[in-house]
Amino acid sequence: MATQRTFSLTPGKRVLFLTKDPELIRKQLAGELDLTMDDVAVEDLLDDINTDAMTPAWVCFDYDPKKIAANAYAGLAVDGVRLIEENALERGGFEVIVAGYQKGVGSSRETAAQCEVYSGSRLAVAASFAPIHARNNINIGQLMADHEVLRRLQRGEAVPFDTFTRGHDPITALIIESGGLFRFCQRLDAGEITLPKPNTPARPMNMAEKVLARHLLPGQGEHVKPGDAVLVRVDGGYSHEFTSAQVHFFLEEEYGSDYQLKDPSRFAVFEDHLIYADGVAKMRPFSAKIETLREMQRQFQAHTGVQNFNAVDGVSPGICHQVAREQLIDPGDFIQATDSHTCMGGASGALAWGVGATEYAALVYWGHTPISVPESIRFELTGRLRPGVTAKDVMLYLLSTYAKREQTLGRVMEFGGEGLLALSPDERATLANMATECSARGAIMECDERMLAWIAERRDGVSVDELRAKVVTPDPGAEYDGGCHAIDLGQIPAMLATPGDPDRGVPSDPKNGAVIAEVGEVTIDIAYGGSCTAGKRDDIDFYAKVMAEADRAGKKVADGVSFYLQFGSREVAEYARASGYLEVFARTGVKVIEPGCGACIGCGPGVSTDSGQVTISAINRNYKGRSGPGRLYLASPLTVAASAVAGKIVEYREGMFAAD
């Protein structure tokens, strides 16, 4: 009989507990303290550790994981001072890293997992993991467990290896056993492993299940259910200059310098994230590395022949997610891309979510990808939004309730109902875009004639009839493991997400929802409108509406406040020009920026420059340090613009400036 494979802690190696008390972290790093699960409660550990804290943007400018590891957790700071110094993880000999709930929220950047693995970590321990981060761990061979498993390990137990595969679908278990996705693909191609064939009988399916069932490779049946391990065809995807270099690097390492993609026409590259990074003082020292990333993306595109959305004369065609919904994504598609906000494609009736560089490299090479069919949660929207309330407020409400309670964790958020269809296509995209902030697997929405017309009018030679044939709807009797939840839009107030206090263990997180009236008087220094979340046509309409009202009342951006407005795409910029908005913005002191991601990832105009500054922003994340060292409040475009004029955080009310 074969000896059962086990996992044990290595003598001489250590366990790092990421505690809410920073002094305990410092002592562990200095070698003065070693903790066990008998010393620490789960409540003592940091929750919602985001991927920006693990590998801030500047760390990701090194595409080689070995170099990235040197700056593991460079964004974890207390009172502006970096808590984990360069090479501290490797120097400390840590092979286990321990956190609290929802570790790895935020960006899909695989670098967050790489920084641990290439520093020597073999095991990540947390009460729960954000789904993309968890998948990245699996794909690069880092094991995951909960705190009870660590307790057993620290008592000297050799834990059976199936402890780490238990609860996973059969394909994911094989990836874990193989030590990562690339090794799994090698074994599968060589015939060393055989995949189990699902046998799910005919059943009513929700929208995500129906999309995946349509994309099954032959021999896997016609129906799926949550937990099924399947291979599915991918309709399309994209990477950007923040990630393409690593994808290209991995493909060359794995498949040789002459590698070829199965169908490059389905995929694309975008130059959008770092287009203005050179203009940010903090990023200027990294200009050479940023240019290397751009050049490697150009090489990747030329080598593979994927669609090219690189900048022309220094101007980006737009943020990848906005351009993708304008030009690439159809209803019923299954889309994978190297960015967590890929889920924005769900507004078009597609199933879309972000993946890490390893997973993307494998799927563009093979043309298909292994997945476990996710659970779903449905939101049935009813009623109409009150004046002054937008879809951004709805999402901040969902974040502060359902997401905070982890009801959305790892699930596809399905949206429907007459309230959804009353929203414009752009407002629906706001909801889909921020599913990732809910730690959801992705998002998908019911698709009506209004959405089909929106897509068709942006595509040459594409008809509404063609698109209608691709639309997916949920079956009567479809099951939702997360339940079906009615949301009366008329009851949603204007919302904020507050900055929290991460230096004292309170995460800076989009789930920190608050009604505007509850936060008291908060003076601001910066207002920012833009990003994939809030740089769409409707968002520009919102900003213009407020600024036009201010203009008529003889007001402009308040003294001491800088208001930046950045378009989500070239198409949106042209719309603003044609609508006469640029003149309104110029008269009222708004600083307009060409398309790109910019300040949202700390790489463009609108970032704070010192910790005392306060920003009100329409972006999607308020993680400390992501958009500069200051405190950042999330809000709707209406709230951002109104606050820019008032000089403090205020709720927008029509006619508010004339009343002053």
Hey, got a sec? Which trypsin sites (Lys or Arg not before Pro) in segment 1-68 land in a DSSP loop and have at most 13 other Cβ atoms within 10 Å? 5
Point-charge dipole on Cβ atoms (K/R +1, D/E -1) for the chain, about Cα centre, debye to 20: 180 debye
With a point put 7 Å past each Cα toward its Cβ, work out how far residue 582 is from residue 312 in nm, to one decimal. 1.7 nm
Which one of 268, 321, 296 has its Cα pushed farthest toward the positive end of the charge dipole of segment 179-323, where Lys and Arg give +1 and Asp and Glu give -1 at the Cβ? 321
Evaluate the charge dipole of segment 303-378 about its Cα centre and quote only its size in Debye, nearest 20, assuming +1 on the Cβ of each Lys and Arg and -1 on the Cβ of each Asp and Glu. 100 debye
What ranking, highest mean first, results for peptides 464-476, 269-281, 175-187, 348-360 when packing means the other Cβ atoms within 10 Å averaged over each residue? 348-360, 269-281, 175-187, 464-476
Amide H to amide H, which residues 5 or more places from residue 632 or on other chains are under 5 Å from it, using H placed in the peptide plane? 615
Cα point-scatterer Debye curve for segment 442-579, base-10 log of I(q)/I(0) at q = 0.09, 0.10, 0.20 Å⁻¹: -0.49, -0.60, -1.38
What does the net charge come to around residue 165 if you take all other residues with beta carbon closer than 12 Å to its beta carbon, with K and R at +1 and D and E at -1? -1
Binning every alpha carbon pair distance of segment 505-622 at 10 Å from zero, what are the percents per bin? 13, 43, 35, 9, 1
Evaluate the distance, in nm, between pseudo-label points positioned 7 Å from the Cα of residue 193 and of residue 610 along their respective Cα→Cβ axes. 5.4 nm
Tell me, in nm to one decimal, what length is gained between residue 466 and residue 162 on full extension, where the rule is 0.36 nm per residue of separation less the Cα-Cα distance? 104.7 nm
Restricting to segment 520-651, compute how many DSSP beta bridges are antiparallel as a %, nearest 5. 10 percent
Restricting to segment 219-328, compute how many DSSP beta bridges are antiparallel as a %, nearest 5. 10 percent
Mean accessible surface per residue for segment 256-341, computed with a 1.4 Å probe while every protein chain stays in place, in Å²: 37 Å²
Find how many whole Å separate the alpha carbon centroid of segment 277-342 from the alpha carbon centroid of segment 20-70. 30 Å
Selected from 224, 240, 281, residue furthest toward positive end of dipole (segment 214-323; charges at beta carbon): 224
Unit charges at the beta carbon, dipole of the chain: most positive-side option, 215, 120, 647: 120
For residue 382, distant residues with modelled amide H under 5 Å away: 419, 487, 488, 489
Near the amide H of residue 62, under 5 Å away, which other amide H atoms are found, from residues 5 or more places off or on another chain, if H is placed in the peptide plane? none
With +1 on the Cβ of every Lys and Arg and -1 on the Cβ of every Asp and Glu, the dipole magnitude of segment 81-123 about its Cα centre, in debye rounded to the nearest 20, is 140 debye
Bridge orientation stat for the chain from DSSP, antiparallel percent rounded to 5, came to 30 percent
What are the principal axis extents of the Cα atoms in the chain, in Å, biggest first? 83, 61, 47
Give me the Kirkwood hydrodynamic radius of segment 222-284 in Å, from all C-alpha pairs, to one decimal place? 15.0 Å
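The values are calculated or read from the model by the stated rules, or taken from the named source; none is laboratory data. As the structure is a computational prediction, the values presented were derived from the model and not from experiment. Cβ sites come from the backbone with ideal geometry, for glycine too, and all protein chains shown count toward neighbours. Accessible surface areas use protein heavy atoms only, side chains included; no ligands, DNA or RNA. Shrake-Rupley method; radii C 1.70, N 1.55, O 1.52, S 1.80 Å.
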